[in-house]
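Below is one structure, written out as structure tokens, with a few remarks after it.
The values are calculated or read from the model by the stated rules, or taken from the named source; none is laboratory data. Here the structure is a predicted model, which means the values were calculated and not measured. Surface areas here come from the heavy atoms of the whole protein model, side chains and all, with no ligands, DNA or RNA. Shrake-Rupley method; radii C 1.70, N 1.55, O 1.52, S 1.80 Å.
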Amino acid sequence: MASVWGRGERVSVAAAGLADAERGPRLAALDVVRGGALAAMVIYHFAFDVSAIGLSDADVVGDLGWRLFARSIAGTFLALVGVNLVLATRRGLRLRSFLRRLALIGGAAALVTIGTYWFTPHAFVFFGILHAIALASVLALPFLRLPVWLVAGAAVAVVAAPALLSHPVFDAPALWWVGLSTVEPISVDYVPLFPWFGVVLFGVVAGRLLTERAGDSAFARRRPIGAGGRLVALAGRWSLAIYLVHQPVLVGALTLVEPFLTPSRAVVSSNFMANCVPTCRSNGQDASTCTARCGCMFDGLYGTDLFGLASPALMTPDQSARWRTIVEGCLAAASLRPPTE
């Protein structure tokens, strides 16, 4: 086994790492895991931002794969909260250090709430990942000394609670943070107490098992390899700062390059249909006929100089003739009569 030497005795790297964790620094392997979760988070938010401005037709919010990806990222961060709480309190709770960390996370959570309310008041973050971490860090303290089997049982109960205990009484906005409402609130980052506190408790179980088997743990002995591994571990050590700045950086960069990029055809088509079909329906046509007509119109106009013109009154005679040809062709194809003037 790889080892370090100190005070005339051989000490395993795993034991040395755990000893460091007791004094404050985390296991290198945990920093790598956290750094990997940060990288995944940046990928997800980049995909979300790109789709939000129409440069991609990916349904980041609704697609099952993307939803599972987002939940796995949140779950990783919250499980690491439980692991780190175990490692940091192996020789007792250092109250001043704990309260300092809690205040830092709580302050960052408040900044996220204020910032998102300023830019997206209809979907601001009232209880996101940082809020969940702050509250769970306090609620998990009594579980750090309970039997592992009891903590695991509590974790299962908390995760299952939304499916078993949801009730309309929790639909009040003041209770949305609990996670037992019958409807899901609208927020760009919603991580309620139930079921996510259960993930933290699973992290406590993992941390307890890790410390009990520290000397034989391959996970505890792992160290980042190469520049890439060290960079990921460094990111893991600065996770809060990266979390706070990565979205402003992404949004700012996309704002600069957006004028030079071509929107996704699927997104443009969706926006066109969202405006065209209701207008057609207002003239008394049925939905299927209007969908066929508007789809034909989009196919005929997209990619031409006619597509961006808001009104036939702005067209040249040549453009007007071409536009009318397209319209009449689509009317005939959809078995529509030209609107009476």
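Values as computed for the structure displayed
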| quantity | calculated |
| --- | --- |
| Residue order for 299, 189 - accessible surface, 1.4 angstrom probe, largest first | 299, 189 |
| Computed accessible area, residue 122, all protein chains, 1.4 angstrom probe, square angstrom | 140 Å² |
| Rg/Rh ratio calculated on Cα atoms of the stretch 104-176 (Kirkwood radius) | 1.06 |
